[in-house]
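What follows is calculated from the coordinates using simple rules that are stated; it is not laboratory data. Since this is a predicted model, take the numbers as computed values, not measurements. A quick note on method: Cβ atoms are made from the backbone with ideal geometry, for glycine too, and the neighbour counts reach across all protein chains shown.
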């Protein structure tokens, strides 16, 4: 069984900002950075030896769906475990996401936890690894760096866990 994750890679100015901010936070507070570039998760890590089922769904889906707008302009947090850039989905982006989740649900062996279906909190993690010890310091630091980006849900990226890191298997571009 191999391990995979499905995300939307965030690009443009938001990617550059995220990379710089994440590097700065991890350096300043001696934290480990995430092993994926800026993204929001579509399907959390899962294991399978039947990845072709997923590839087929993603290929068909990407050929029949268009890129849609998303906005990133504020920070959020999950308890004192995760600090993130909130991803605000346009109604069009939410519909594309939900349609994709519906298609993935048709794969008989794929299962979804409650927080990874259609009503998830869309976010792009800045830092999440062992941050409780100085959460407020990190939170106050990131909040000094406001941002406002209009980007797109324009890809579905399938990553494969290999040699202790995520490796891009294929990026499916939305038309």
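Some notes on this structure:
- With a simple spin-label model that places each label point 7 Å from the Cα along the Cα-to-Cβ direction, the separation between residue 19 and residue 115 comes to 2.9 nm.
- When percent of Cα pairs over 21 Å apart is computed from the coordinates, the matching label among [x] 57; [y] 45; [z] 49 is [z].
- 26, 124 arranged by Cβ crowding within 10 Å, fewest neighbours leading: 26, 124
- Residue 44 paired with residue 167, simple spin-label distance in nm, labels 7 Å along Cα-to-beta-carbon: 2.6
- Residues 139, 166, ranked from the fewest to the most other C-beta atoms within 10 Å, line up as 139, 166.
- Angle between the chain longest axis and helix 51-63 axis [Cα atoms, degrees, rounded to 10]: 90
- The mean sequence separation of alpha-carbon pairs under 8 Å and at least six residues apart, normalised by the residue count of the chain, gives a relative contact order of 36 percent.
- What the Cβ-Cβ distance of residue 59 and residue 160 gives, at R0 = 25 Å and to the nearest 0.05, is a FRET efficiency of 0.95.
- Residues 116, 80, ranked from the fewest to the most other C-beta atoms within 10 Å, line up as 80, 116.
- 0 to 90° range, to nearest 10: angle between helix 12-29 axis and the chain longest Cα axis: 50
- Taking every DSSP helix (H) stretch of at least 4 residues in the chain, weighting each as -39,500 (n - 2.57) and dividing the sum by the residue count yields a mean residue ellipticity at 222 nm of -10000 deg cm²/dmol.
- If you take the Cα centroid of the range 62-88 and the Cα centroid of the range 109-173, the two points sit 8 Å apart.
- Computed label-point distance, nm, for sites residue 150 and residue 99 using a 7 Å Cα→Cβ extension: 2.2
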